Each structure stands twice: as structure tokens, then as C-alpha cells.
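Below: the structure, in C-alpha cells.
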Amino acid sequence: MMSFWAIAALLLAGFAAHAAPPQSRVQYHAGDIFEITRDVESSEKTSNGSSGSSTDRDTVTERVVGASPAGLELEYDLPKEIRADQRAQQWQLPARALKPAQGPLQLLNRAELEARAATWLKVAGLTNAACGHWFFTWTAFRIECDPQSAIEIIKGFDLGPDDLREGISYRDPEALGPAPLKLKTASPEGSVFYVELAVDPEAVRRDRAQADVVTAEIMGKPTTLEAAFQARAAEKISGSIDMTFVTDPAGHVRRRTKVIKLHVEGVDGRLETRTVTETLERTPLSGPRAS
């Protein structure tokens, strides 16, 4: 059976959320196309001598459909080289979304995704009764039928706010509170910013409890989130979130590196440590920044 950390990686996709930034002065144009690659490396060990590590890479394309005062209309899809059978398994893409200057992403092609989800279920020989349930073959997977899940996929490839400036308050939902961005270097080729945050133990505990619920369902011994959360109430959790942003000359974030370090002491005294390094990199494929 998969470890907690493996389940958590599937659930969380690496703490990939941030506060909405002020309206960006950085300009995008209809027709701009980017490739965004997400690399995740994780390692964990416990005081009883067990250890493990994993790596993962995912890639999407991001196309600017339009730009207006309301925000950016974007389309996300799998790369062109993806095989047809692999594409058929990912019914959530392509997805179109509005990224407003303030507020959450808004799904724009919900009806299209609903139709694709229905077709996917039919081809797989499944009914709506399977939706939302977890299964295990060579890995854990969830039968996802909600078109809104496309937004969660998109969030996993969001590098964060453009138009970064020193002193801007940056927030992560897994952190105890916000912290100001610091300018590390600046040059005509771009700038490097970083921020250091402390993890929120209750947020980590909630995520661990959610992973326990998934594991219990896969094993045929379902439990509630409340019971799982209570079972982990006595754990001592600490850690840090360190983030680095690299911009291009125009101010677009082209690389974001996020390093999460967690330390967990269980009620039995066992110590768990985990380090996750997530790197998101955006490469222009067309438009004025492509080369």
C-alpha cells in the first residue's frame, strides 16, 4: 500500500496556491503560447530507519486567448506530442479559464467539460456512482467527474503573480501567515525574489488526515475526516516553505522553485521528515518573448 506521503502528493500537488496579487502591469497578448513544466522531487525518512524518494514531471501548454480589463482568458492543454490514448484519459483538458486581476480562476467551458466527462465514463464502463471514489492499481487514483476539477489542475501550474516587487506581502494557505518578498538580485535579464514562510501545523494535519481517509477507502475500511483529524491531533508538526521567483526582462515569472520541509513527531515518538522541491518553469513557444 502507498505511504502517507505518496497519497499526500496526489492530493496536494505540492501546496500550489498563493494570494491574489495587485493588478499586474505586465502585458500579455492574444496568441502568446507558453509551455509550463512542473517537476517535483520528494524524499522522506523516519527515525525507525525507513526512507523513500520520488520524482515526477508534468507539462501543459498555456495559450492567451484574450486580454481585457476583466483579466486574462487562458486555455490550458496537453502538449501536442501526447498520444491520443493518453489525451483521452485526461478529459479535463483542454480547459479555458478567466484569470482576473483579483479573485479566483473562473472556468469558461464547463458545458464542454461536462460532455467530455460523460463520454469518458461511458468509455470506461463506469456510472456516476463511481464519481469521487478512490481506487488503487499501480497507484492511487480518484474517479473525477466534476468539471471544476480542471481549475485544480490549472492551479498546479500557476507560477504566481507577475509584476513582483520587493516588500509585496505573499501568502500561502499552508503557512502560518504572509511574509514580504525580498529582492535577491536584479539585472536587465530579470530579477530574483524570495520569501520564507513557516508552515501552519493545523493545515498540514488536515492534509495528513485527508490522506488517511483516502488510504482507508482504498483498503476497504472507510473513516471520516473528523475521526482521521482527531487521530492526528497530538502530532507535533513544524516546517518551512521557501520560495524563489525568477522573472524575465518584461517582469513575467519564468521559474518558481518551492522547497517545503516538514518535521512530524508522532504520539509514539517516531520522527518523520520530508523535503519536497517543486519547480515550475514557463517557456514561451510563440509571441514576442519566444526565441
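The values are calculated or read from the model by the stated rules, or taken from the named source; none is laboratory data. From a predicted model like this one, the values you see are computed outputs, not experimental measurements. Backbone-built Cβ (ideal geometry, glycine too); neighbour counts: all protein chains shown. Only protein heavy atoms, including side chains, enter the accessible area calculation; ligands, DNA and RNA are left aside. Shrake-Rupley method; radii C 1.70, N 1.55, O 1.52, S 1.80 Å.
Any residue at all in region 149-158 that's in contact with a Phe, Trp or Tyr (Cβ under 8 Å, 6 or more places away or on another chain), farther than 22 Å from Arg254 by Cβ and in a loop (DSSP other than H, G, I, E, B)? Looking for residues that are in contact with a Phe, Trp or Tyr (Cβ under 8 Å, 6 or more places away or on another chain), farther than 22 Å from Arg254 by Cβ and in a loop (DSSP other than H, G, I, E, B), one finds none in region 149-158, hence no. Scanning region 216-249 for residues that are within 15 Å of Phe193 (Cα to Cα) and out of contact with any Asp or Glu (no Cβ under 7 Å at 6 or more places or on another chain) turns up Met243, Thr244, Phe245, Val246, Thr247, Asp248.
Criterion applied to Leu121, Leu181 was being farther than 26 Å from Thr279 by Cα and either open to solvent by less than 30 Å² (accessible area, probe 1.4 Å) or among the acidic types (Asp, Glu) (or both), and the one residue passing it is Leu121. Scanning region 167-197 for residues that are over 21 Å from Ala101 (Cβ atoms) and charged (D, E, K, R) yields Glu174, Lys182, Lys184, Glu189, Glu196.
Figure legend. Inter-residue proximity from region 221-232: first residues among the charged types (D, E, K, R), second residues surrounded by 12 or more Cβ atoms within 10 Å (Cβ to Cβ) and not in a loop (DSSP other than H, G, I, E, B), beta-carbon distance below 6 Å, spacing 6+ or different chains. Indicated pairs: Arg232/Arg205; Arg232/Arg208; Arg232/Ala209.
Condition first: closer than 24 Å to Pro161 by Cβ, among the aliphatic types (A, V, I, L, M), surrounded by 15 or more Cβ atoms within 10 Å (Cβ to Cβ) and in contact with a Leu (Cβ under 9 Å, 6 or more places away or on another chain). Now tell me which residues in region 67-100 satisfy that. Leu72, Leu74, Leu93, Ala95, Ala97, Leu98, listed by residue number.
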